[in-house]
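Engineer: Following this message is one structure expressed as structure tokens.
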Amino acid sequence: MKTIYFTITGTKYRYGSEFFKPGTDVTLKKEPENEYDREAIKVEMKGLGQVGYVANSPFTVLGESMSAGRLYDRIGDTASGTVLYVLPQGVLCTLNKQSILK
């Protein structure tokens, strides 16, 4: 199965991105009640709670990442991922294969 990438954005509105390290686990949770984006997927970490969102704009999606809109129907209400790279423009992650709906 092909690796699915996603970008965490909006970290500057929470805790920043300096603490993210490659290999860090993150949890994705759909946020259908979000008033600004009905396909919003928030990103959380143990002990911190929400740390950002899955990018959903062509201006914030990095490289081969899927936007939240493209990812939304491929996962259940929650999913898990792993940080791959921490870049100035965002945090690039991979979606864990067990999170992909068949």
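What follows draws every value from the coordinates through simple rules; no lab data is involved. Bear in mind the structure is a predicted one, so any value in this text is a computation, not a measurement. Note that we place each Cβ from the backbone using ideal geometry, even for glycine, and neighbour counts take in every protein chain shown.
Engineer: Sequence-distant or interchain residues sharing an amide H contact under 5 Å with Gly52, placed H: which?
Structural biologist: Those qualifying (amide H under 5 Å, at least 5 residues apart or on another chain) are Val43.
Engineer: I've got another one for you. Order these by the 10 Å Cβ neighbour count, fewest first: Ser57, Ser65, Ser99, Ser17.
Structural biologist: Ser57, Ser99, Ser17, Ser65
Engineer: What are the lysines whose alpha-carbon lies under 22 Å from the alpha-carbon of Lys12, with same-chain residues fewer than 8 places away excluded?
Structural biologist: Lys21, Lys29, Lys30, Lys42, Lys46
Engineer: Can you classify segment 43-86 as rounded, prolate or oblate using the Cα gyration tensor, where a ≥ b ≥ c are the square roots of its eigenvalues, rounded means a/c under 1.5, and otherwise it's prolate if a/b beats b/c and oblate if not?
Structural biologist: oblate
Engineer: If you don't mind, there's one more thing I want to ask. Specify which labelled value, from [x] 42, 32, 23; [y] 62, 23, 16; [z] 34, 33, 29, agrees with Cα extents along the principal axes in Å derived from the coordinates of the model shown.
Structural biologist: Of the listed options [x] 42, 32, 23; [y] 62, 23, 16; [z] 34, 33, 29, [z] comes from this structure.
Engineer: Might you report the magnitude of the Cβ-based charge dipole of the chain about its Cα centre, with Lys and Arg at +1 and Asp and Glu at -1, to the nearest 20 debye?
Structural biologist: Using Cβ point charges on Lys, Arg, Asp and Glu, the chain gives about 280 debye.
Engineer: Loop-only trypsin sites (Lys or Arg not before Pro) in segment 1-94, please: DSSP not H, G, I, E or B, and at most 13 other Cβ atoms within 10 Å.
Structural biologist: Lys2, Arg38, Lys46
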